[in-house]
Each structure stands twice: as structure tokens, then as C-alpha cells.
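**Student:** First the structure, then my questions, so here it is.
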Amino acid sequence: MCCWMPKKKSTTPLNILLSNGRFPVSIDLARQFRMAGHNVYVVDPMHYHVCKFSNSVKKSYWVPAPHVDAEGYLAGVRHAVEDANIDLIIPMHEEIFHLAEQTSHLSDENNQIVLKRLFAPDFETLIRLHNKWEFSQFLRKAGCDAPRAWLCRNMDDVRALPHGEMELALKPVYGRAATNVYHLKPNTPLPEKVGVNSENEYIAQEWITGNRYCSYSVLRDGKVFAFAVYPVVDTIDESSCVYFQSIEHAGIRAYVERIADALPGVNGQIAFDFIETDNRLVAIECNPRATSGIHLWSGTPDLAYSFTQSSPAVAKPGARRQIIPGMLMWSKKNTGPGEYLKHMKRLMGTKDVMFSKRDLLPSLMQPFLLTSYYEICREREMNISTMFQWDLVWGPGREQLDNVRKLLAREGGGEVNVGEMKKDVEGERSGSLGRDSGVGIGESF
């Protein structure tokens, strides 16, 4: 577990390392830390990225891609820590899993240099939150409402699902955004090709239709020190949010507090996707890392203080930001003129997360960066969305999966026998399944 202990008061600037420099949240958080008086450094497998041109970042270090060379990435991070005398490492994306996994089983003193500065839970906790099946079991143990769920290890398990009685969402337990998500409906044939197998398990969740929200929090010693909630409004392909407006939501705050109570002693960032109906509030996924909720503190040092001092931070209701390139990609398909006009009002009247009069070069370099990104896309034969994350994502191989299963087996966990599902469904028709039912996806990078 992270050994970093924030100070009550600090007048000395800290040296802070971000685990990548390419995302809008990376440059936004770098600027916020700079406003708080700290020195910011980044590492990234890309030679050119938005933080490289920011005056809020003192230095950018090139490192190997963790997706293909996790040990090399860790060595690069360690070099940056030693070279810049880093005090605190903030994970920004799925590099968090590479760093936590590598440092969890390597007792080398050099790796402990990284571990004791890493603002993140231990690897076991990360997996329990990230793995969608494990997360659903964790919610129940914590006393939180959650969609009914079944673990599928092969197509026989998928065929045994009660999709004739209810709508289901079928997705990989280690999936991200809306990738490989299937909406199973009664009286509709199952998809012929689902990539489910022992090395790529899927979770089936009851489909719950309702209002969608995302939350972002910073936990310190198992307590919520920063908190933000925003509704899912403008998205790309119904998955990634590109518009963010802070709201107050007492129910979600209480839900997150209950989860924090079940994570005693944990330091880290934690974000959830929620669905709310007239009589239910459920979390459907967890991202135990930085997310776009960071943008709701843009232009202030308040979130930075929640990492480094004893200063809780709640996003101000009404705070707004947008990612303009994403807003321009928004599709008006299946929307009426009223919703289109609302979208245009948000587009024209909201500050972009990238633009800053005090830090113009990142915006001015966008054409160059886009050209660089498309060249990488051409070389790797990927679309830009896949390419932008590919070298950072954590995708466990067979050996890693075996190790993860052994790790999770220490505490055990209930598994639903898919052969008994239909009997269970019939016994619960008047319960949760009689409520407004569908699982939405709503988190951005």
C-alpha cells in the first residue's frame, strides 16, 4: 500500500510525478499542482504529448510502454524519481496497475523507492475494484445496492444466462469504456461470437435504465478528502464524457462514503459510474485512478491541496468544463432539435480544459500533436482512440491471471452458479428485477 502521508501544512514545494502526460486530465492536474506551488514532472512512452509543451511541467521523461515492457516502464519511473527527487507519484491511467503489480512482488530496494511514493492502493485492492465481477461482490459486502451479476467463463455460461426473462449487459471483467459490451434482450438471439473464455472472463449484469452519473474522489487513510459528481450528458459513442458540470448529490456522496468505510487505510483516487432510478441508486463500475472529474477543479489549487495537505475539497456546484474536440465529435443522431440546441449552448458557453491564457503552447501545438498521433496510428494500424491508450493499458496474460486469481482467492468470493440462475430470477421477480431496468456506460478517459 502507498506509504505517502500528506502533511498538515506545507510551505515547501513538492516534486510531483504524473504517470503519463498525454491526457487532458494530465495537463489539467499538472496546472492545478503548479497553482498550489509544486513542481510537476511527467513520464510517458510518447516522445510528444501535451504536457511536454506546458509551462506547468518542469520536465518530461520518455519511458518504455508499460503494456509491452512493464519492468522497463518501472525502471523509467524509478529513474525519474531519483533524477528529480520526486516526493509523490500520481497515477493517471492504467499505468497504476503496472506500477502496483511490479512493486508488489519485487522486494528490491530500488522498487520500494517507487512504492513508498505511489499514491495508490495496494495491487489486491486495485484488482478488487477494477475487476467488474469482484467489484460487484465488494459492493454487496459493503452493504451497497448493486445490479444482479453473473460470472461467465465460457459460452455455455453465456447461454445459461436468464436473458429470456430480463435484459442484461454482458462485458469483459477487465474491459474499459464501451468496448465489447453486449446488450442482451429477451426474445433476441445471443451474439454468435463473444470473446469469453478462461483467460477473458465476462460479467453479465441486469440492465438498469435511469439517470447516469460519474463521481471522482480522493481517499486518504480511507476517508473521502475530495469529491465531485457530474451527470453524463454529452458523450462520444454513449461512453466517454466530454462535458462536465458539477452537481450536488447527497445519495451518491453517502454511497461513496460507505465504500470508503470498507477501504480502511486506503490512499488513492477512486471513481464510479452510477445509475439512478426512481427507487434505486447503484454503482456499475469503478475506476481506481484519475478520471475526468479532475476537470471540475480546473483553475483552482483546491484538489491539489487534498493530495498534499489536510484540506478537503468538494467541487463547487455549477463548475463546468468541456473537451472541445470531443464535443465537436458529438453525434446528433437520435436527438431532437431541443437537445441539439442545448448541446450547442454548452459548446459555445463552456471553457475548454486544454486552453489557458497562461499556458498557450499546449493549445497551439495541437495540429502538430494530431499529425504525430495519426502517424503512430498508421504505423500501428489502429484508430486514434485505441492507439491513444494502447501502450498504457493493463491486460493480464495467462500467468498474470493465475497470479491474480491466487491473490483474490485469499479472501474467497461468492460466484453465481449459472445453472441455477433461472430459478433465482423466478424467485426475485417482485424484487429488484421488477424495478426500472439497464446498465449504462459513462466514464471518460
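**Student:** Give region 44-83 a look and list any residue that's in a loop (DSSP other than H, G, I, E, B), closer than 18 Å to Gln389 by Cα and touching a residue at least 12 places away in the same chain (Cβ under 8 Å), or say none.
**Tutor:** Pro45, Met46, His47, Tyr48, His49, Val63, Pro64, Ala65, Pro66, His67, Val68
**Student:** Is there a residue in region 34-55 that is in contact with a Ser or Thr (Cβ under 8 Å, 6 or more places away or on another chain), farther than 30 Å from Lys357 by Cβ and at pLDDT 95 or above?
**Tutor:** Within region 34-55, none of the residues are in contact with a Ser or Thr (Cβ under 8 Å, 6 or more places away or on another chain), farther than 30 Å from Lys357 by Cβ and at pLDDT 95 or above.
**Student:** Within region 47-78, can you find the residues that are within 24 Å of Phe307 (Cβ to Cβ) and touching a strand residue (DSSP E or B) at 6+ places or on another chain (Cβ under 7 Å)?
**Tutor:** Answer for region 47-78, where residues must be within 24 Å of Phe307 (Cβ to Cβ) and touching a strand residue (DSSP E or B) at 6+ places or on another chain (Cβ under 7 Å): Cys51, Lys52, Ser56, Val57, Lys58, Lys59, Ser60, Tyr61, Val63, Gly76, Val77.
**Student:** Just for region 377-392: of the residues that are of a type in the set (A, V, I, L, M, F, W, C) and in contact (Cβ under 8 Å) with a residue 24 or more places away in the chain, which one is surrounded by the most Cβ atoms within 10 Å (Cβ to Cβ)?
**Tutor:** Restricting to residues being of a type in the set (A, V, I, L, M, F, W, C) and in contact (Cβ under 8 Å) with a residue 24 or more places away in the chain, the top hit is Leu392.
**Student:** Can I ask one more? Would you check which residues across region 174-208 are surrounded by fewer than 20 Cβ atoms within 10 Å (Cβ to Cβ) and in a strand (DSSP E or B) and list them?
**Tutor:** Tyr182, His183, Asn197, Asn200
**Student:** Follow-up question, since we're still on this one. Kindly indicate whether any position in region 105-117 is crowded, with 17+ Cβ neighbours inside 10 Å, at pLDDT below 95 and not hydrophobic (A, V, I, L, M, F, W, C).
**Tutor:** Taking every residue of region 105-117 in turn, at least one turns out to be crowded, with 17+ Cβ neighbours inside 10 Å, at pLDDT below 95 and not hydrophobic (A, V, I, L, M, F, W, C).
**Student:** Please go through (1) farther than 27 Å from Ser385 by Cα; (2) within 19 Å of the chain's Cα centre (by Cα) for Asn180 and return the number of the only condition it doesn't satisfy.
**Tutor:** Result: Asn180 fails condition (1) only.
**Student:** Out of the residues in region 276-323 that are closer than 27 Å to Asn131 by Cα and charged (D, E, K, R), which is surrounded by the fewest Cβ atoms within 10 Å (Cβ to Cβ)?
**Tutor:** Arg280
**Student:** Pairs only if they're at least six apart or on different chains, beta carbon under 7 angstrom, first in region 251-266 and farther than 11 Å from Cys144 by Cβ, second of a type in the set (D, E, K, R) and surrounded by fewer than 14 Cβ atoms within 10 Å (Cβ to Cβ); list them, first residue then second.
**Tutor:** Gly265/Asp221
The values are calculated or read from the model by the stated rules, or taken from the named source; none is laboratory data. All values derive from a computational prediction rather than experimental measurement. All Cβ positions, glycine included, derive from the backbone under ideal geometry; neighbour counts span all protein chains shown.
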